[in-house]
Structures are given as structure tokens and as C-alpha cells.
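Novice: Got a structure for you, questions after.
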Amino acid sequence: MSNKVAVYRKEHFNAAHRLYNSQWSDEQNAAVFGKCSLPNYHGHNYEVEVRVTGEIDEATGFVMDMKKLSDLLQEKVLVKFDHKNLNLDTEEFRSLNPTAENIVIVIYNLLRPHIETSLDLFIRLYETPRNFVEYPVFIK
Ligand code: NI
């Protein structure tokens, strides 16, 4: 049996957004996105769960140092998104619709370069306690 273990870090951020396709009329946006397309934005309490899997390092006994994982989330993701308007305040969503699906991929891409290539990364993002998304879909 392998010594692969999954380690998790959970964090929280608040952010505002508006779901909107600029190619569409206001009526079409309202029909597809409903209240999420209201022009004056609305907020969510996002919960982000980061899962890192890999072999336990013999020297440290860690898969990954949790403090390092926590710091990475803070520095690469939360500083950018917490208490921000995703559409107006972030480069990432200036022209990308800030759906939970797009946000989870952006978070993955912000973290992936800073985690050792021997480790697998997997993100779950809760937009509400009942609505959540996962990326990537394939789980090792
Ligand atoms: Ni929303």
C-alpha cells in the first residue's frame, strides 16, 4: 500500500460579483443569470477547500507543510479576492465571467505553480453551503 495521503486546507473569502455576458442584451443576461446578473452586484461568502495529495516525505513526515499551504492560499488567492468586487477589482475576471466554475479554475491556476509537481492539487469552492464546484474533475 502506498503512503499517499490527502491534506486539506480550508479558507474563506467574501467577494462581490455580477454574472454577465457582454455579448448579450440585458434581457438575455437576466433570463440566463437571474438575480446573479443584477447590475449593482451582490456578494457571496465563499469557502475554498484545497486538497493536496502525495507520498509522505520521509524526512518531515508531511505530504506538504500545512503552514506553507495556508500561506500560499493567503498570498496567492485571498489577498486578491477577499473583500473585492471580482468583476471590477481583479485582472482575472475583467473579461471572464466570475461563475463558481471559472473562479475554481482561476484559483487552481494561481496555486499550481507554487506546489511541487510530484503533488496533486484539487480545489473545491463553495459559493453557498449548497452550491459548490470542484476542479479538476479527475481525482487521483
Ligand atoms: Ni452570485
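The values are calculated or read from the model by the stated rules, or taken from the named source; none is laboratory data. Nothing here was measured: the structure is a model prediction, and the numbers come from that model. Cβ placement follows ideal geometry from the backbone for every residue including glycine, while neighbour counts extend to all protein chains displayed. Note: accessible area is taken over every heavy atom of the protein model, side chains too, but ligands, DNA and RNA are not part of it. Shrake-Rupley method; radii C 1.70, N 1.55, O 1.52, S 1.80 Å.
Novice: Do you know which residues across the stretch 31-88 are open to solvent by less than 70 Å² (accessible area, probe 1.4 Å), closer than 20 Å to Asn14 by Cα and charged (D, E, K, R)?
Specialist: If the condition is that a residue be open to solvent by less than 70 Å² (accessible area, probe 1.4 Å), closer than 20 Å to Asn14 by Cα and charged (D, E, K, R), then Glu47, Glu49, Asp71, Lys76, Lys80, Asp82, Lys84 are the ones that fit.
Novice: Starting from the stretch 15-37, keep only residues that are without any contact (Cβ under 8 Å) to a residue 40 or more places away in the chain, then list their pairs with residues that are surrounded by 17 or more Cβ atoms within 10 Å (Cβ to Cβ) and charged (D, E, K, R) whose Cβ atoms are within a distance under 7 Å, requiring at least 6 positions of separation or different chains.
Specialist: Between residues of the stretch 15-37 that are without any contact (Cβ under 8 Å) to a residue 40 or more places away in the chain and residues that are surrounded by 17 or more Cβ atoms within 10 Å (Cβ to Cβ) and charged (D, E, K, R), the close pairs are Ser37/Arg18.
Novice: Next question. Across the stretch 52-80, what is the total count of residues that are in contact with a helix residue (DSSP H, G or I) (Cβ under 8 Å, 6 or more places away or on another chain) and either closer than 22 Å to Ser2 by Cα or touching a residue at least 40 places away in the same chain (Cβ under 8 Å) (or both)?
Specialist: 4
Novice: May I pose another question? I'd like to know if the stretch 22-30 contains one or more residues that are away from the ligand (no atom under 16 Å from the Cβ) and either in contact with a strand residue (DSSP E or B) (Cβ under 8 Å, 6 or more places away or on another chain) or closer than 29 Å to Ser118 by Cβ (or both).
Specialist: Checked against the condition, which is being away from the ligand (no atom under 16 Å from the Cβ) and either in contact with a strand residue (DSSP E or B) (Cβ under 8 Å, 6 or more places away or on another chain) or closer than 29 Å to Ser118 by Cβ (or both), the stretch 22-30 yields no hits at all.
Novice: List, please: which pairs have Cβ atoms under 8 Å, are six or more places apart or on different chains, and start with a residue in the stretch 120-140 that is under 23 Å from Val63 (Cβ atoms) and end with one that is in a loop (DSSP other than H, G, I, E, B)?
Specialist: Asp120/Lys140; Leu121/Ile115; Phe122/Pro136; Phe122/Ile139
Novice: Same structure again: Could you figure out which of (1) in contact with a Phe, Trp or Tyr (Cβ under 9 Å, 6 or more places away or on another chain); (2) acidic (Asp, Glu); (3) away from the ligand (no atom under 16 Å from the Cβ) isn't true of Glu55?
Specialist: The single condition Glu55 does not satisfy is (1).
Novice: With respect to Phe93, is the statement that it is within 20 Å of Lys10 (Cα to Cα), within 16 Å of the ligand (Cβ to nearest atom) and hydrophobic (A, V, I, L, M, F, W, C) true?
Specialist: Considered against the rule, which asks whether it is within 20 Å of Lys10 (Cα to Cα), within 16 Å of the ligand (Cβ to nearest atom) and hydrophobic (A, V, I, L, M, F, W, C), Phe93 comes out as no.
Novice: Which residues, counting only those in the stretch 16-30, are hydrophobic (A, V, I, L, M, F, W, C) and surrounded by 15 or more Cβ atoms within 10 Å (Cβ to Cβ)?
Specialist: Across the stretch 16-30, the qualifying residues are Ala16, Leu19, Ala30.
Novice: In this structure, does Tyr41 turn out to be aromatic (Phe, Trp, Tyr), within 15 Å of the ligand (Cβ to nearest atom) and either under 17 Å from the mean Cα position of the chain (by Cα) or closer than 22 Å to Pro129 by Cβ (or both)?
Specialist: Yes.
Novice: Being over 14 Å from Ala16 (Cα atoms) and open to solvent by 80 Å² or more (accessible area, probe 1.4 Å) is the filter; apply it to the stretch 89-120 and report the residue that is modelled with the lowest pLDDT.
Specialist: My answer is Ser95.
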